[in-house]
1. Could you go through segment 65-80 and let me know if any residue there is of a type in the set (Phe, Trp, Tyr), surrounded by 14 or more Cβ atoms within 10 Å (Cβ to Cβ), in a strand (DSSP E or B) and in contact (Cβ under 8 Å) with a residue 12 or more places away in the chain.
2. Could you grab me the full set of residues in segment 145-159 that are outside any strand (DSSP E or B), over 16 Å from Phe52 (Cα atoms) and of a type outside the set (Asp, Glu)?
3. Which pairs turn up if I take residues in segment 106-126 that are more than 17 Å from Tyr147 (Cα to Cα) and part of a loop (DSSP other than H, G, I, E, B) and look for partners that are among the β-branched types (Val, Ile, Thr) and at pLDDT 95 or above with beta carbon separation below 7 Å, at least 6 apart in sequence or on another chain?
4. Only one of (1) surrounded by fewer than 18 Cβ atoms within 10 Å (Cβ to Cβ); (2) at pLDDT below 95; (3) touching a Phe, Trp or Tyr at 6+ places or on another chain (Cβ under 8 Å) fails for Leu109. Which number is that?
5. Within segment 88-104, can one find any residue that is under 21 Å from Cys54 (Cβ atoms), assigned to a loop (DSSP other than H, G, I, E, B), within 14 Å of the chain's Cα centre (by Cα) and of a type in the set (Ser, Thr, Tyr)?
6. Considering only residues that are in a helix (DSSP H, G or I) and of a type in the set (Ser, Thr, Tyr), look in segment 1-41 and name the one that is surrounded by the most Cβ atoms within 10 Å (Cβ to Cβ).
7. Give just the number: which of (1) part of a strand (DSSP E or B); (2) in contact (Cβ under 8 Å) with a residue 12 or more places away in the chain; (3) small (Gly, Ala, Ser) does Gly136 not satisfy?
8. Within segment 83-97, does at least one residue satisfy the condition of being farther than 22 Å from Asn29 by Cα and touching a residue at least 12 places away in the same chain (Cβ under 8 Å)?
Amino acid sequence: MATPVLHSHIDPFWDDEYKSLSYKLETFNNRDDLVEWKRQGYVHPDSHYTGFLCDMRSPQPSWNDKIIHWAEDQFGLKDIGTSYYRMGTGVILPCHKDTYAKYCELFDLKVNDCERIVIFLEDWQSGHYFEIAGTGKVNWKKGDYVYWKGDTEHMAANLGLTKRYTLQITGHK
């Protein structure tokens, strides 16, 4: 049974402070997906399959607490983690299911206990793409978001000429 996916909107209150965060390239942590992607033809010597992250191990924007309180109030989530995500030109993150490995370890959870919200921090720009549960999403507005539980399959890509910024929120009930 497919996990229900909610598409909705939060009124933007943030500035562009997220653009100057300390982003780091993190290795994709699901080796099974990496093997499958190579089998499918996603092979390039410079491929790292991910964008750059700034998670809670690094300073977050001054308004980050407001985002956390919104997720607590809107979805009843606790132990919320935020991760700002910057995807450069030419980066493709093929279809995958999040494992939430570190998060599950920290809070003694199973994958299907985890809930994820991805907020689009800027209006859609040409070449930016997101897909969830087999449905593509483009033309989003700043503040649009997608919400799902557990291991719902999704993908992202930036084939445009501008960086693509999102915020990933992880929590559980």
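The values are calculated or read from the model by the stated rules, or taken from the named source; none is laboratory data. These figures come from a predicted structure and were not determined experimentally. Positions of Cβ are generated from backbone atoms using ideal geometry, with glycine treated the same way; all protein chains shown enter the neighbour counts.
1. No, the conditions are met nowhere in segment 65-80.
2. Taking segment 145-159 as the starting set, the residues that turn out to be outside any strand (DSSP E or B) are 150-153, 159.
Next, from what is left, pick out any that are over 16 Å from Phe52 (Cα atoms): 150-153.
Listed by number, the residues that qualify are Gly150, Thr152.
3. Short answer, once both residue conditions are applied: Trp124/Val138; Gln125/Thr162.
4. (2)
5. Yes; the residues of segment 88-104 include at least one that is under 21 Å from Cys54 (Cβ atoms), assigned to a loop (DSSP other than H, G, I, E, B), within 14 Å of the chain's Cα centre (by Cα) and of a type in the set (Ser, Thr, Tyr).
6. Keep residues of segment 1-41 that are in a helix (DSSP H, G or I), which gives 16-20, 31-40.
With of a type in the set (Ser, Thr, Tyr) added as a condition, the list becomes 18, 20.
Working: Tyr18: 21, Ser20: 9.
Of everything passing the filter in segment 1-41, Tyr18 is surrounded by the most Cβ atoms within 10 Å (Cβ to Cβ).
7. Of the numbered conditions (1) part of a strand (DSSP E or B); (2) in contact (Cβ under 8 Å) with a residue 12 or more places away in the chain; (3) small (Gly, Ala, Ser), the odd one out for Gly136 is (2).
8. Let us first name the residues in segment 83-97 that are farther than 22 Å from Asn29 by Cα, namely none.
No, every residue in segment 83-97 fails to be farther than 22 Å from Asn29 by Cα and touching a residue at least 12 places away in the same chain (Cβ under 8 Å).
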